[in-house]
Every structure is written in C-alpha cells, then in structure tokens.
Amino acid sequence: MAVALVTTATANPALQGLIESLAPNTPPAPPSPWPPAPMVWIGLAVLAVLIALAVARVWKTRERRRYLGALRRLQRQSDSERLLRLHRLLRNASAHQDPARKSLSDADFARLVADSLNQSEPPAWVNAHYRPEPTPDVDWRQARRLVRRWCA
C-alpha cells in the first residue's frame, strides 16, 4: 500500500511539489537547563533545611562547650568570689534555654535548679553566695548536669 502511495505521489506533479517543500525530520531541541525540574527545587529546599539544622546544632554544641569550659575553670579556682561566678554562669546557662529565666528571683531560681535536678530541695550551694555563713562545698557533677540540661 505504501508503494502505491509513493508511485501516485511521483506521478502527480502537484503532490511532488508539496513533498519537496516539506522540511526534513529533525530531532527536537535538547531540554533547557532552566527552569530546573520540581525535584531539583525540592532537593535544594531539603538541603537548605539540613544546612540550617547543622548550623544550629554546631552553635548549640559550641555554646555548651563554652559553658562547660567556664565551669571547669571555676572548679579549679578557690577564691571567695567563686560561688557568685558559679551563680552567674548557671543563670546565663538557664537563660540560654529560656531568656525569661535571667530575671527570676533567687527563690525561683533555686526552685528551677531543684526541679532540673529532680530533687525536692535545691542544693545548699545554689544561693550560698547570699548567706554570711561559711560556704558549702559545691557538687560539681550537679552543676555540670544543669549546664548540660539547659544547653542541650
């Protein structure tokens, strides 16, 4: 049947002119790189979120290490100002988690420490810098636990 059509087309001069005026078959143009496919946009969005989470994690870890390093330096000191500096350090660490904690009263801060340590009473060293009696020994494990919890 195809042979018959070709024979008919070559016999008719009007069809022959039309066939010659047709453009040859050409492959389509390659796809443009812009705009990217939707999956590329989704992949870029996921990558941006992952980068933001990694930066936040690094920042939190750096802050935590900074507080723990300051706590170690305080532990090595033996002067009378040590409890006051420890109190400031713990207040700043708690404010790192919730900025409203920086303005807590001393009793509320002691209650926060006791709650964070899962104890019914706050340790004796928490607000000891306000009392005139001899200073109690600081339980540095509890202080480290507080910093780790508040800077997590």
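Kindly check whether there is at least one residue in the stretch 109-123 that is among the polar types (S, T, N, Q), touching a residue at least 24 places away in the same chain (Cβ under 8 Å) and closer than 15 Å to Leu74 by Cβ. Scanning the stretch 109-123 turns up no residue that is among the polar types (S, T, N, Q), touching a residue at least 24 places away in the same chain (Cβ under 8 Å) and closer than 15 Å to Leu74 by Cβ. Residue pairs whose Cβ atoms lie under 8 Å apart, separated by 6 or more positions or on different chains, with the first residue in the stretch 85-106 and free of Cβ contacts under 8 Å to residues at least 40 places away in the same chain and the second in a helix (DSSP H, G or I) and surrounded by fewer than 12 Cβ atoms within 10 Å (Cβ to Cβ), are Asp106/Tyr130. Residues that are modelled with pLDDT of 90 or more and surrounded by fewer than 13 Cβ atoms within 10 Å (Cβ to Cβ) are absent from the stretch 123-137 altogether.
Every test in (1) surrounded by 16 or more Cβ atoms within 10 Å (Cβ to Cβ); (2) under 12 Å from Leu146 (Cβ atoms); (3) under 27 Å from the mean Cα position of the chain (by Cα) is passed by Ala70 save one, and that test is (2). Note on the stretch 46-102: residues that are assigned to a helix (DSSP H, G or I) and either touching a Gly at 6+ places or on another chain (Cβ under 8 Å) or hydroxyl-bearing (Ser, Thr, Tyr) (or both) amount to 3.
The values are calculated or read from the model by the stated rules, or taken from the named source; none is laboratory data. A quick note: this is a predicted structure, and the numbers were derived from the prediction, not measured. Cβ coordinates were reconstructed from backbone atoms using ideal geometry, including for glycine residues, and neighbour counts include every protein chain displayed.
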